Amino acid sequence: MELLHVFAQHYNFFITIFLMVSGLYVVIARGNMVKKLIGLGLFQTSVYLIYLTPAKIIGGTPPIVDKAYTVYSNPLPHVLILTAIVVGVATLALGLALTVRIHEAYGTVEEDEIFAKEGEI
Amino acid sequence: METFVITVLLTLLAIVTVAIIRQRNMYSVVILSSVYSFLMASVMLVLDAVDVAMTEASVGAGISTVILLATLYLTGTREYPTARGTGIPLFVSVVVGAALVWGTFELPAFGLADTVIHKHTAPLYIEMSQKHQMPPNIVTAVLADFRSFDTMGEVTVIFTAGIGVLMLLSGRRRRDEVEVVKVTESVETFGDDVADENEPDGPNGSAA
């Protein structure tokens, strides 16, 4: 029962870790470059969750000042993650541009085929 | 209530993640990652991060999906299974996951107000933004007033990434032009060949 209680309280963290590990698995195990970048995106979003989950106060409101409320969630992680999301999409765009160039040079975006062709060239 | 909503949303996120991993059609994967971003935006909304939720919905589900679809148009939509086994990646993932789960046991439970991160800088930011007549949205106040140099650095990063993408893709256009020139040359030589072949026939044809 004690264990179940701990599990319920930390469910957010467990799902976050599952998302992170799934992203890691996709990046390592899959050969398709676009899929790898999507895996990297999974990993990134799980990091956003790690930051935002502790910032929440149950019964609090979003950090917008109003006389009717006194308890606000922590605004600092929100600011950091706002920056991280925008930098993340910049990274994704750069990675996809590289993928397009790789496809042009090798005619494929599969890692195995690229390694096979690299020996020929 | 908030805990219940967030539990349901996170479970949906985990299901969508499994679908993303298993799906081999890249078009489906991109659409699923769009669904994932919208679910993530909903989670952020429940976590009181309204600004982050808006950004995630517009950037994660909007722009990312568009550029991923554009890439699929240029590279193809099928993912092929790799020759390598999935044993080592699975092992690495499970070990990393187990270590992280072990690390969470000492963390405070979800949604408590008296944890460490709510006690030091956050009350100061809230208090000072009201004292100095900053925007009522504290996230905006921190982003644009307290940490505006940070935001300038972020703009620099986006600018650099934009230059990188432009350079990579403009090299591509030049290569296309070269290919077009080659194709035109081959068409011309082909035309010459046809003309050469026609010449002997020409007089015969006219004689007939």
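The values are calculated or read from the model by the stated rules, or taken from the named source; none is laboratory data. All figures in this text were calculated on a predicted structure; none of them were measured in a lab. Counting neighbours? That spans all protein chains shown, and the Cβs are built from the backbone with ideal geometry, glycine included.
Overview of results
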{"item": "Residue pairs meeting the criteria (Cβ under 9 Å; at least 6 apart or on separate chains; first within 28 Å of residue B:119 (Cα to Cα), in the stretch A:75-96; second of a type in the set (Asp, Glu) and not in a helix (DSSP H, G or I))", "result": "A:78/B:48"}
{"item": "Residue A:27 assigned to a helix (DSSP H, G or I) and at the interface with chain B (Cβ under 7 Å from one of its Cβ atoms)", "result": "no"}
{"item": "Residue match in the stretch B:46-67 (condition: more than 7 Å from chain A (Cβ to nearest Cβ), in contact with a Leu (Cβ under 7 Å, 6 or more places away or on another chain) and surrounded by 17 or more Cβ atoms within 10 Å (Cβ to Cβ))", "result": "yes"}
{"item": "Filter pass, residue A:38 being at the interface with another protein chain (Cβ under 7 Å from one of its Cβ atoms), under 11 Å from the mean Cα position of the chain (by Cα) and not polar (S, T, N, Q)", "result": "yes"}
{"item": "Residue A:67 free of Cβ contacts under 8 Å to residues at least 12 places away in the same chain and within 28 Å of residue B:125 (Cβ to Cβ)", "result": "yes"}
{"item": "Within the stretch A:30-121, helices (runs of 4 or more DSSP H) holding 3 or more residues that are modelled with pLDDT of 90 or more", "result": "A:33-55, A:75-106"}
